[in-house]
Amino acid sequence: MSTRMRLAISRPTRGACGKTGSWRVFRPIVDLEKCNSCGICAMFCPDAAISEDLEIDLDFCKGCGICAHECPKKAIRMEREEK
Amino acid sequence: MLTVATGNKAVAAAVKDACPSVVAAYPITPQTEIVEQIAEYVTSGELKSQYIPVESEHSAMAACIGASITGVRTFTATSSHGLHYMHEMVNWAAGARLPIVMANVNRALGPGWNIWAEHTDAFQERDTGWLQVYVGSVQEAYDATLMAFRIAEHESVLLPVMVNLDGFLLSHSMHPLQSVEIRDFIPPIHLPHAIDTANPAGYGTLTGPDQYFRFRWDIERSMRDSVNVIRETEEDFRHRFGREYHPVEEYRCDDADVVVVAMGTLGKEAEVAVDLLRKEGVKAGSMRIRWFRPFPRLDLSGRDVVVIDRDYSFGFGGVIARSLAATEGAKPFSVIAGLGGQEVTYDDIAGFVRDRRPGEEFWFGVMPDV
Amino acid sequence: MYEIRIHSRGGQGGVTAARLLALAAIRDGKYATACPFYGAERRGAPVVSYVRIDDHPIRVYSQIRHPDLVLILDTSVMDVVDVLNGMKPGGRVLVNATDHREMKGFPSFSVDLTGIALRENLVVAGNPILNTAVLGALAKMGIVTMESAKMAIQEMFSDKRNVTAAEAAYAELVA
Amino acid sequence: MTDIPREEYILKCTSACAGCSDSLTLRYVLKAAGPETVLVVPACCTSVIQGIYPQTAMNIPVYNVAFAAAAACASGMSAAFEAAGKKTNVIVYAGDGGTVDIGIQALSGAFERGANFLYICYDNEAYGNTGMQRSGATPAGARTTTTPAGKGQSKKDLDAIVAAHNPPYMATACASYPKDLFSKVQKALSIRGPKFIHVLAPCPPGWRYSSERSIEMGRLAVRSGMWILYEREYGKVTINGPSKAAMIRPIPLEDYLDAQGRFKGICPEAVAMLRSLAERNAKRLKREEEGIC
């Protein structure tokens with residue numbers, strides 16, 4: 001690519017849309033006692049904000065609550081963000 | 001080889017020689033023969049292109065855009081209503097900096113249905129960022145199409161080029177045609193921003209007001225740079241193949257007191273009128289504007305100017321006349337003639353010159369005769 | 001500049017005749033253009049084509065108003081079109097007919113192109129093909145050389161009967 | 001069971017609404033397609049959620065193109081890749097507006113020509129990007145900003161239109177069944193020619209339900225028979241497991257409608273339209289699957 005700016009070509013960037021974690025109204029809290037690591041939460045996270053180790057990336061988690069809603073063990077609860 | 005061909009066949013022959021990887025086109029009178037001939041070349045194997053017989057002009061340009069962004073050479077052709085049906089994508093092609101070459105067979109717009117020559121169709125695309133060239137003969141249709149690929153693909157241009165030829169007057173007229181051995185006249189295409197899976201990128205994502213204008217400026221910068229690329233290409237063409245072209249073709253202008261400015265076939269017919277006028281003792285000359293974008297400079301100082309517009313911008317005036325008023329401060333006798341294929345002969349043109357009224361506008365065939 | 005106007009009906013090959021004539025003139029080393037006038041006509045409607053031949057490049061695109069030669073491929077067109085309109089003084093007329101036609105004092109030549117085409121079995125979709133034979137007649141009238149006429153025909157058509165037809169018209173036309 | 005790769009091709013993260021099933025769908029589409037892929041995206045939610053120049057969340061080439069142009073652009077692109085001898089997947093990823101309305105001509109043309117690409121329509125049943133105006137894909141009774149009293153007409157039968165082109169492969173899917181979606185994309189990309197996948201994409205703000213219920217909403221659609229999961233390979237229909245089960249023992253349609261604000265106050269006529277459409281579709285597909293049609 002020439003250095004000349006001919007057209008809008010965007011480069012892949014982590015955080016391209018900012019830290020969407022700031023959007024959250026409710027924060028997912030995992031109860032590790034109840035979690036059986038089935039991975040359904042990660043499977044359904046629209047933003048892939050839950051890692052393979054089932055760590056939730058709070059920098060980007062928008063707090064949609066799908067993980068809590070879909071968890072078969074009810075191991076995730078949504079709590080009001082303290083701002 | 002020297003043969004006889006129509007303007008349409010000449011364009012198709014140039015496309016065959018330039019060998020684009022993808023041709024996507026939709027037929028429309030009077031462009032149809034271009035599409036048919038290319039289809040024949042592809043079927044016979046003379047042209048190794050992917051030929052996409054799209055379902056509309058909008059899709060023709062969209063398919064060329066999709067192909068071009070992968071870094072291959074592309075071509076399409078259209079006319080009139082077809083050009084305007086693809087208008088959205090005509091803008092897109094330039095903004096996306098894709099060196100697509102398109103032949104446009106100039107034709108009037110309905111209603112009423114009229115399939116004959118007029119320049120208003122292409123003039124309405126003048127602000128899209130396309131380079132536009134208008135040819136005056138079948139040979140020039142071939143030559144200009146070849147040069148269009150080289151100019152469009154030049155790294156300091158990377159803008160699409162529209163080759164315009166008058167409907168029927170050129171598209172269906174048969175003239176001598178001498179094809180060339182192009183060899184390396186058109187270098188292999190290299191699109192610096194071609195889409196590449198090894199280097200992922202988002203093309204045309206949301207672009208804010210703080211950035212958008214930069215890309216618009218770069219279109220204009222390339223348009224200005226194209227002046228030299230056009231000169232260089234036409235010079236190399238003359239050097240290799242012996243035929244000479246300039247952004248404006250001047251005829252007997254050196255000592256002229258009055259200059260006729262016209263485009264396309266009318267620009268050639270004007271030369272015959274000039275010869276006629278010279279015999280009468282009128283020091284006339286003619287200038288045929290070939291490149292309309294980028295718009296050329298014309299030396300009109302101290303001369304009477306008669307502009308023939310085969311076009312009109314309603315509520316404003318003849319586009320060439322108004323353009324020259326803006327760029328050269330000219331006060332031309334503005335003749336509106338040839339709309340919808342209206343017959344305009346060299347005798348008529350000589351009449352415009354003899355009875356010129358600088359600063360006025362005259363609709364030929366509508367207003368009382370000059 | 002020598003200007004020829006061809007009157008025919010859509011589908012009779014008037015346009016191809018114009019092209020062949022221009023090609024033959026170019027093979028003679030001249031400049032030539034051929035230009036059909038397209039209306040909204042369809043097969044069977046009267047059509048006009050133009051051919052210009054000159055020693056210099058041709059820059060005229062408008063229709064021919066004052067022809068040096070009028071070629072009539074179908075005499076029935078004369079009922080609806082004034083084929084002699086604008087005829088140049090001294091202009092000539094070539095008619096596809098079995099008999100001589102009086103053309104208001106303009107020298108007129110007749111040749112039975114249809115008969116020649118039928119004899120050579122040059123018929124496509126029921127229409128006799130006149131456009132190759134006519135080149136022989138035009139060569140006889142001195143518009144192009146017979147050699148170039150044959151060359152042009154061979155470049156556009158592989159079927160040898162087209163040349164035979166042109167030769168027949170050349171022989172039959174009394175110039 | 002299909003192994004779904006761990007790779008993500010969307011970097012954290014897009015600016016899609018919380019709970020967006022378009023984002024979730026795209027995750028699995030890209031996992032199935034892999035890195036040798038170009039996405040063609042017409043105007044739709046996906047064109048605005050990637051990020052703002054000069055950054056994008058998409059770690060795969062994306063060509064954003066005008067609203068009506070996606071299928072034609074993709075057909076040109078796949079022809080160019082073919083001319084260059086490249087085996088790059090070309091996938092159109094378009095919303096319902098860009099597919100059933102303004103983009104239908106280009107889609108039809110490209111499919112008739114047998115162009116080699118995969119067209120995915122993610123269908124949230126309205127113009128979501130511009131704030132939920134009705135589209136041809138909006139179902140009867142649904143309230144949108146341009147049908148404030150509920151739409152009076154049925155959803156356009158896009159699948160029947162596509163099927164009429166006899167593509168080698170077409171399917172429906174929903175991100176509530178990600179493995180099913182993943183394997184359908186994989187299968188589609190293994191076939192040459194025009195392929196089509198129609199994905200139901202529940203939309204929290206547009207359908208007016210709270211974001212955590214996106215997956216549930218897709219399931220309710222399938223279980224009530226409002227969305228039928230099936231494939232049509234070379235003309236042969238297979239109804240997929242979840243829809244097979246739903247055909248035997250569907251949940252009440254109201255379970256699906258009552259969960260969404262857009263159907264609030266829906267008139268009985270519209271409910272009847274929805275019900276009869278669902279039944280007709282189920283019947284037709286069943287007959288097709290059995291080879292009676």
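Of all the numbered requirements in (1) assigned to a strand (DSSP E or B); (2) surrounded by fewer than 20 Cβ atoms within 10 Å (Cβ to Cβ); (3) not polar (S, T, N, Q), residue A:35 misses one, and that requirement is (1). In this structure, residue B:41 qualifies as more than 10 Å from chain D (Cβ to nearest Cβ), of a type in the set (Phe, Trp, Tyr), over 18 Å from the mean Cα position of the chain (by Cα) and surrounded by fewer than 24 Cβ atoms within 10 Å (Cβ to Cβ).
Please verify whether residue B:206 is within 14 Å of chain D (Cβ to nearest Cβ), without any contact (Cβ under 8 Å) to a residue 40 or more places away in the chain and touching a Gly at 6+ places or on another chain (Cβ under 9 Å), treating the condition exactly as stated. Yes, satisfied. Can you tell me how many residues within the range D:51-63 are more than 7 Å from chain A (Cβ to nearest Cβ) and in contact (Cβ under 8 Å) with a residue 24 or more places away in the chain? Here the count works out to 4. Whether any residue in the range D:274-290 is assigned to a loop (DSSP other than H, G, I, E, B) and either among the hydroxyl-bearing types (Ser, Thr, Tyr) or surrounded by 15 or more Cβ atoms within 10 Å (Cβ to Cβ) (or both) is what I want to check. Taking every residue of the range D:274-290 in turn, none turns out to be assigned to a loop (DSSP other than H, G, I, E, B) and either among the hydroxyl-bearing types (Ser, Thr, Tyr) or surrounded by 15 or more Cβ atoms within 10 Å (Cβ to Cβ) (or both). Every condition in (1) farther than 17 Å from residue D:24 by Cα; (2) modelled with pLDDT of 95 or more is met by residue D:95 except one, and the failing one is (1).
Every condition in (1) closer than 18 Å to residue D:10 by Cβ; (2) of a type in the set (Val, Ile, Thr); (3) open to solvent by 40 Å² or more (accessible area, probe 1.4 Å) is met by residue A:50 except one, and the failing one is (3). Looking at the range C:7-25 only, could you name the residues that are open to solvent by less than 10 Å² (accessible area, probe 1.4 Å), touching a helix residue (DSSP H, G or I) at 6+ places or on another chain (Cβ under 9 Å) and within 11 Å of chain B (Cβ to nearest Cβ)? Matches in the range C:7-25: C:20, C:21, C:22, C:23, C:24, C:25. Scanning the range C:128-161 for residues that are more than 15 Å from residue C:27 (Cβ to Cβ), open to solvent by 10 Å² or more (accessible area, probe 1.4 Å) and in a helix (DSSP H, G or I) gives C:140, C:161. Against the list (1) part of a strand (DSSP E or B); (2) touching a Ser or Thr at 6+ places or on another chain (Cβ under 9 Å); (3) surrounded by 20 or more Cβ atoms within 10 Å (Cβ to Cβ), the condition residue A:28 fails is (2).
Evaluated against (1) in contact with an Asp or Glu (Cβ under 9 Å, 6 or more places away or on another chain); (2) surrounded by fewer than 24 Cβ atoms within 10 Å (Cβ to Cβ); (3) at the interface with another protein chain (Cβ under 8 Å from one of its Cβ atoms), residue D:34 falls short on exactly one condition, (3). Is it the case that residue C:28 is closer than 21 Å to residue C:140 by Cβ and either crowded, with 24+ Cβ neighbours inside 10 Å or of a type in the set (Asp, Glu) (or both)? Taking the combined requirement at face value, the residue satisfies it. For the range D:72-106, the tally of residues that are under 13 Å from residue D:38 (Cα atoms) and more than 7 Å from chain B (Cβ to nearest Cβ) stands at 8.
Residue selection: residue B:214 satisfies the criterion of being out of contact with any strand residue (DSSP E or B) (no Cβ under 8 Å at 6 or more places or on another chain) and outside any loop (DSSP other than H, G, I, E, B). The set of residues from the range A:62-79 being more than 9 Å from chain D (Cβ to nearest Cβ) and of a type in the set (A, V, I, L, M, F, W, C) comprises A:71, A:75, A:76. Does residue B:36 fit the bill of being away from every other protein chain (no Cβ under 14 Å), assigned to a loop (DSSP other than H, G, I, E, B) and either open to solvent by 30 Å² or more (accessible area, probe 1.4 Å) or small (Gly, Ala, Ser) (or both)? Here the answer is no, as residue B:36 does not meet what is asked.
In the range D:1-30, the residues that are facing another protein chain (nearest Cβ under 7 Å) and without any contact (Cβ under 8 Å) to a residue 12 or more places away in the chain form Cβ pairs under 7 Å with partners that are part of a loop (DSSP other than H, G, I, E, B) and acidic (Asp, Glu), at six or more places apart or across chains, as follows: D:6/A:52.
For the range B:44-57, the set of residues classified as open to solvent by 40 Å² or more (accessible area, probe 1.4 Å) and either of a type in the set (D, E, K, R) or under 22 Å from residue B:68 (Cα atoms) (or both) consists of B:46, B:48, B:50, B:51, B:53, B:55, listed by residue number. Annotation for the range B:207-223: no member residue is closer than 18 Å to residue B:245 by Cβ and modelled with pLDDT of 95 or more. Each residue in the range D:152-175 was checked for being open to solvent by 10 Å² or more (accessible area, probe 1.4 Å) and under 25 Å from residue D:264 (Cα atoms), and 6 of them qualify. Determine, yes or no, whether residue B:156 is closer than 23 Å to residue B:125 by Cβ, more than 14 Å from chain D (Cβ to nearest Cβ), of a type in the set (S, T, N, Q) and in contact with an Asp or Glu (Cβ under 6 Å, 6 or more places away or on another chain). Against the criterion (closer than 23 Å to residue B:125 by Cβ, more than 14 Å from chain D (Cβ to nearest Cβ), of a type in the set (S, T, N, Q) and in contact with an Asp or Glu (Cβ under 6 Å, 6 or more places away or on another chain)), residue B:156 qualifies.
Of all residues in the range D:103-112, those satisfying the criterion of being in contact (Cβ under 8 Å) with a residue 40 or more places away in the chain and out of contact with any Pro (no Cβ under 7 Å at 6 or more places or on another chain) are D:104, D:107, D:108, D:112. The strands (runs of 3 or more DSSP E) located wholly in the range B:235-292 that include 1 or more residues which are open to solvent by 10 Å² or more (accessible area, probe 1.4 Å) and at pLDDT 95 or above occupy B:248-251.
Residues checked against (1) free of Cβ contacts under 8 Å to residues at least 12 places away in the same chain; (2) open to solvent by 30 Å² or more (accessible area, probe 1.4 Å):
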| position | (1), (2) |
| --- | --- |
| C:56 | no, yes |
| C:62 | yes, no |
| C:103 | no, no |
| C:116 | no, no |
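Taken over the range D:1-27, the criterion of being open to solvent by 10 Å² or more (accessible area, probe 1.4 Å) and of a type in the set (Ser, Thr, Tyr) is satisfied by D:2, D:9, D:15. Of the strands (runs of 3 or more DSSP E) lying entirely inside the range C:13-101, the ones with 1 or more residues being over 16 Å from the mean Cα position of the chain (by Cα) are found at C:31-37, C:46-54. Can residue B:89 be described as within 11 Å of the chain's Cα centre (by Cα), away from chain A (no Cβ under 14 Å) and not β-branched (Val, Ile, Thr)? So residue B:89 fails the test. Looking only at the range D:195-248, filter to residues that are open to solvent by less than 50 Å² (accessible area, probe 1.4 Å) and acidic (Asp, Glu); which one of those is farthest from the other protein chains (Cβ to nearest Cβ)? For the range D:195-248, the residue satisfying everything is D:231.
The values are calculated or read from the model by the stated rules, or taken from the named source; none is laboratory data. Remember, it's a predicted structure, so these values are computed and weren't measured experimentally. Using ideal geometry, Cβ is built from the backbone for each residue, glycine included, and neighbour counts are taken over all protein chains shown. All accessible areas refer to the heavy atoms of the entire protein, side chains included, with ligands and DNA or RNA removed. Shrake-Rupley method; radii C 1.70, N 1.55, O 1.52, S 1.80 Å.
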